[in-house]
Amino acid sequence: MRKSLFFTYQILLFAIVTFAFANSAGAATLTEYRENIRHLKDDLDSVINPEQNLTDAENLSLEKAVLDEFPKLLPAKDQVEWQNSVVEINNQWIYDALERLKKEPPPSPKRRMILIEVRERLAALEDKLDELENQTAAINAAKDQDKRKLAEILRRAEYQKPKEKQESVIEKLYNRIISWIVRMLPRPNISPGATGGFQSLSFVLQMILYALILGAIGFIVYRFAPFLINKYRFKEKLEKKARVILGERLAADETARSLFDEAENLARAGNLRGAIRRGYIALLCELSDKKIIGLAQHKTNRDYLRDVRQQHELHENMSGLTVNYERHWYGLENAQEKDWEEFRNDYKKAVGSQ
């Protein structure tokens, strides 16, 4: 009685699980397809290695219940969703094997061999699907990591948009004076009926007034020009003192030569990645001293490369240096000795082309 209850419970469990899988509408996901295969593989295990207390008739009934699951869980033609597309699956090999099974009588040992063959192929297919899911998960994780790395790079100071330049107090005062002078300049308003002598006198008076205004402007410029020039030179010195290249602030006494010497020292110490960055900053400092490019805190290495696109030889040499710099600084690729040697040779070519 107990053996019959166990057998009835096992058949009922197969029926419940089959009904649950069969009611999933539409194409199955890759995970659902793999679960169907795993479920059928485990059920075949119970048929291939049955309970010892079951009769031959009960074993055949259990085998029939398991084989009835195949058309519901793995039809001959199936569809699986994978990477936003639907893949057609051909499971005909299962039914070819089941046809061979039907031709063998129950006592034949070939029946068990056929079931083992189907079970092993299902196990191999399950392993391949596990490997595919793991690869997909790894690719998605790598994409997320690349997105985070790109977001971190774009948040750096050198990639931020520069603030709009606002007028200084002196510039506002200068614009107001010019506007006031323009409004005060007389405009000729001679009527058509006026005599020729009066027209000539009015024209002479206007020219005299213009000359006086221009003289006053010249006097103001003469008096205040030295002050403005000195102020501009002082501002230029301050800007030079506070040079910022690719987010790195340089001291006033640092030159392109001293920067490249630092890069050489870093390379000898084994810090090749830092040497390449220091050498690239030295190149930008050298081009700035030669008035080829203008330094700005918001500019990126690609902005500086675009500044020299009209000078073909320099642009070609600087392109290689820029790629080398981006690959090892932003791309975090390990720098080798040959990378530094290549950078140093291209640096000399770029500097020597000017």
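Observations on the model:
- Number of positions in the stretch 33-70 that are in contact (Cβ under 8 Å) with a residue 12 or more places away in the chain and farther than 14 Å from L125 by Cβ: 21
- Residue selected from the stretch 319-343 under the condition touching an Asp or Glu at 6+ places or on another chain (Cβ under 8 Å) and crowded, with 17+ Cβ neighbours inside 10 Å, by the criterion farthest from K290 (Cα to Cα): H328
- Hey, G294 under 25 Å from R148 (Cα atoms), surrounded by fewer than 17 Cβ atoms within 10 Å (Cβ to Cβ) and either at pLDDT below 90 or touching a Lys or Arg at 6+ places or on another chain (Cβ under 8 Å) (or both) or not: no
- All conditions in (1) loosely packed, with under 11 Cβ neighbours inside 10 Å; (2) part of a helix (DSSP H, G or I); (3) at pLDDT 75 or above hold for Y232, with the sole exception of (3).
To keep it simple, each residue is scored yes or no on (1) in a helix (DSSP H, G or I); (2) under 38 Å from the mean Cα position of the chain (by Cα).
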site	(1), (2)
N36	yes, yes
L40	yes, no
L44	yes, no
V47	yes, no
Q52	no, no
L60	yes, no
V66	yes, no
P75	no, no
D78	no, yes
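- For the stretch 44-85, the candidate set comprises residues that are buried (at least 16 other Cβ atoms within 10 Å of the Cβ), among the charged types (D, E, K, R) and in contact with a Lys or Arg (Cβ under 9 Å, 6 or more places away or on another chain); within that set, the residue that is farthest from T136 (Cα to Cα) is E58.
- The condition of being among the aliphatic types (A, V, I, L, M), more than 20 Å from I153 (Cβ to Cβ) and in contact with a strand residue (DSSP E or B) (Cβ under 9 Å, 6 or more places away or on another chain) holds for L295.
Yes/no per residue for (1) in contact with a Leu (Cβ under 9 Å, 6 or more places away or on another chain); (2) more than 25 Å from E152 (Cα to Cα):
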residue: V308; (1), (2): yes, yes
residue: Q311; (1), (2): no, yes
residue: R327; (1), (2): no, no
residue: Y330; (1), (2): no, no
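- Of the residues making up the stretch 314-354, those that are closer than 15 Å to L284 by Cα and in contact (Cβ under 8 Å) with a residue 40 or more places away in the chain are L314, L321, T322, N324, Y325, F343, R344, Y347, A350, V351, S353, Q354.
- E262 assigned by TED's automatic domain parsing to the domain that holds S319, modelled with pLDDT of 90 or more and not polar (S, T, N, Q): yes
Conditions tested, residue by residue: (1) crowded, with 20+ Cβ neighbours inside 10 Å; (2) within 28 Å of the chain's Cα centre (by Cα); (3) at pLDDT 90 or above; (4) under 16 Å from K338 (Cα atoms).
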position	(1), (2), (3), (4)
R249	no, yes, no, no
A252	no, no, no, no
S258	no, no, yes, no
Y280	yes, yes, yes, no
L283	yes, yes, yes, no
E286	yes, no, yes, no
K299	yes, yes, no, no
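Matching residues to (1) assigned to a loop (DSSP other than H, G, I, E, B); (2) within 20 Å of D261 (Cβ to Cβ):
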position: R278; (1), (2): no, yes
position: L283; (1), (2): no, yes
position: L287; (1), (2): no, yes
position: K291; (1), (2): yes, no
position: G294; (1), (2): yes, no
position: H298; (1), (2): yes, no
position: D303; (1), (2): no, no
position: R306; (1), (2): no, no
position: M318; (1), (2): no, no
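- Answer from R327, R309, R273, R277 - the residue that is over 30 Å from R148 (Cβ atoms) and among the basic types (K, R): R309
- Residue tally, condition over 30 Å from Q145 (Cα atoms) and either modelled with pLDDT under 90 or touching a helix residue (DSSP H, G or I) at 6+ places or on another chain (Cβ under 7 Å) (or both), over the stretch 330-343: 0
- Whichever residue in the stretch 155-181 is surrounded by 10 or more Cβ atoms within 10 Å (Cβ to Cβ) and within 22 Å of the chain's Cα centre (by Cα) and, among such residues, is modelled with the highest pLDDT: R156
- Flag set for K147, criterion: surrounded by fewer than 15 Cβ atoms within 10 Å (Cβ to Cβ), basic (K, R) and more than 30 Å from N49 (Cα to Cα).
- Residue check for A15: crowded, with 17+ Cβ neighbours inside 10 Å and either modelled with pLDDT of 85 or more or part of a helix (DSSP H, G or I) (or both): no
The values are calculated or read from the model by the stated rules, or taken from the named source; none is laboratory data. The structure displayed is predicted, hence computed values, not measured ones. Positions of Cβ are generated from backbone atoms using ideal geometry, with glycine treated the same way; all protein chains shown enter the neighbour counts.
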